[in-house]
Ligand SMILES: NC(=O)c1ccc[n+]([C@@H]2O[C@H](COP(=O)([O-])OP(=O)(O)OC[C@H]3O[C@@H](n4cnc5c(N)ncnc54)[C@H](OP(=O)(O)O)[C@@H]3O)[C@@H](O)[C@H]2O)c1
């Protein structure tokens, strides 16, 4: 049998492109998304893939998903973290977190941590975190939930920096952690915006963004032949150096761990 590839956000954009790629290669693909519409799209376009519906902005639903995946798939070869939504205005989740922080930070940490065991059983396991690595985001230590001054871009940049720190804190010799910044790919980027901005984003994306079919092969190459180093960072197919402080990474990971465990329902 082929490998098992779990893709959060595997029902649209780059995640869907990767789902198609691996399903066609004969691998077992598990694609997670929050909407039934996404599930329908996956079933139509990639009928071989398994769809799991879960709202990954919820700590409790993420924990249930991790439990379910661990029970159903004893070995997981690749975990692709691609679930994301840009929120122009601040959204508070039912568990009390700012939505971008919940989906981009807490979910990605919980998935990587929670699946250590099944990933450890695969021959060459790899986590690919699709994010804005190397774009200079920062952690707002005094207001992680951005209550005082929310902007969608600020939340997104904080999530990108968080990915770098959590990637560094993950540090596993066997399970390689890859931070991959696809830079600008034509997906559903325009959807969260209202007109007329929506039309502008769609037009700019049609003109300048890379098509999904071109974005997939360099990511697949890293999944098929994981780098030797525990943590690497890439902008498109070029390796980049990250200025990540190990002490800050440990401190951030501890903070995320505490926030996640405080929200066990
Ligand atoms: N496209 C780019 O130019 C670009 C640039 C830099 C980084 N990236 C990164 O690449 C990754 C993929 O981006 P994309 O543009 O391909 O994304 P996309 O087309 O917008 O797809 C996002 C995916 O996330 C899922 N999702 C959103 N909210 C969710 C939730 N609460 N629970 C579960 N799933 C959820 C969506 O499914 P549902 O709607 O059904 O939930 C969908 O499958 C993201 O991590 C993004 O940060 C993209």
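The values are calculated or read from the model by the stated rules, or taken from the named source; none is laboratory data. On a predicted model such as this, the values are computed, not experimentally measured, just so you know. Glycine also receives a Cβ, built like all others from the backbone with ideal geometry; neighbour counts cover every protein chain displayed.
For the stretch 122-158, which positions are under 26 Å from residue 216 (Cα atoms), over 18 Å from the mean Cα position of the chain (by Cα) and surrounded by 14 or more Cβ atoms within 10 Å (Cβ to Cβ)?
122, 124 - these are the residues of the stretch 122-158 that are under 26 Å from residue 216 (Cα atoms), over 18 Å from the mean Cα position of the chain (by Cα) and surrounded by 14 or more Cβ atoms within 10 Å (Cβ to Cβ).
Condition first: under 30 Å from residue 247 (Cβ atoms) and within 16 Å of the ligand (Cβ to nearest atom). Can you find one or more residues in the stretch 197-205 that meet it?
Keep residues of the stretch 197-205 that are under 30 Å from residue 247 (Cβ atoms), which gives none.
No, that holds for no residue.
Go through the stretch 25-55 and give me each residue that's under 20 Å from residue 77 (Cβ atoms) and in contact (Cβ under 8 Å) with a residue 24 or more places away in the chain.
26, 27, 28, 29, 30, 31, 32, 42, 46, 48, 49, 51 - these are the residues of the stretch 25-55 that are under 20 Å from residue 77 (Cβ atoms) and in contact (Cβ under 8 Å) with a residue 24 or more places away in the chain.
With 101, 84 as the choices, which residue is under 24 Å from residue 182 (Cβ atoms), within 9 Å of the ligand (Cβ to nearest atom) and either buried (at least 16 other Cβ atoms within 10 Å of the Cβ) or touching a residue at least 24 places away in the same chain (Cβ under 8 Å) (or both)?
On the way: 101 fails: within 9 Å of the ligand (Cβ to nearest atom).
Matching residue, one of 101, 84: 84.
Please state which of the following conditions residue 73 fails to meet, knowing it meets all the rest: (1) surrounded by fewer than 24 Cβ atoms within 10 Å (Cβ to Cβ); (2) without any contact (Cβ under 8 Å) to a residue 60 or more places away in the chain; (3) under 24 Å from residue 116 (Cβ atoms).
(2)
Criterion first (more than 16 Å from the ligand (Cβ to nearest atom) and touching a helix residue (DSSP H, G or I) at 6+ places or on another chain (Cβ under 9 Å)) does residue 256 satisfy it? Please lay out each step first, then the result.
Values: more than 16 Å from the ligand (Cβ to nearest atom): yes; touching a helix residue (DSSP H, G or I) at 6+ places or on another chain (Cβ under 9 Å): yes.
Yes, satisfied.
Identify all residues within the stretch 29-52 that are more than 8 Å from the ligand (Cβ to nearest atom), touching a helix residue (DSSP H, G or I) at 6+ places or on another chain (Cβ under 8 Å) and not in a loop (DSSP other than H, G, I, E, B); write none if there are none.
29, 30, 41, 42, 45, 51, 52
Helices (runs of 4 or more DSSP H) wholly in the stretch 174-265 with at least 1 residues that are crowded, with 16+ Cβ neighbours inside 10 Å and free of Cβ contacts under 8 Å to residues at least 24 places away in the same chain - which ones? Before the answer, list the steps.
Details: elements: 197-208, 212-224, 246-262.
Once the helices (runs of 4 or more DSSP H) in the stretch 174-265 are filtered for at least 1 residues that are crowded, with 16+ Cβ neighbours inside 10 Å and free of Cβ contacts under 8 Å to residues at least 24 places away in the same chain, what remains is 197-208.
Tally the residues that are outside any helix (DSSP H, G or I), modelled with pLDDT of 95 or more and more than 9 Å from the ligand (Cβ to nearest atom), restricting the search to the stretch 1-28.
Applying the first criterion (outside any helix (DSSP H, G or I)) to the stretch 1-28 yields 1-12, 25-28.
Still in the list and also modelled with pLDDT of 95 or more: 3-12, 25-28.
Now drop any that are not more than 9 Å from the ligand (Cβ to nearest atom), which leaves 3-6, 25-28.
Number of matching residues: 8.
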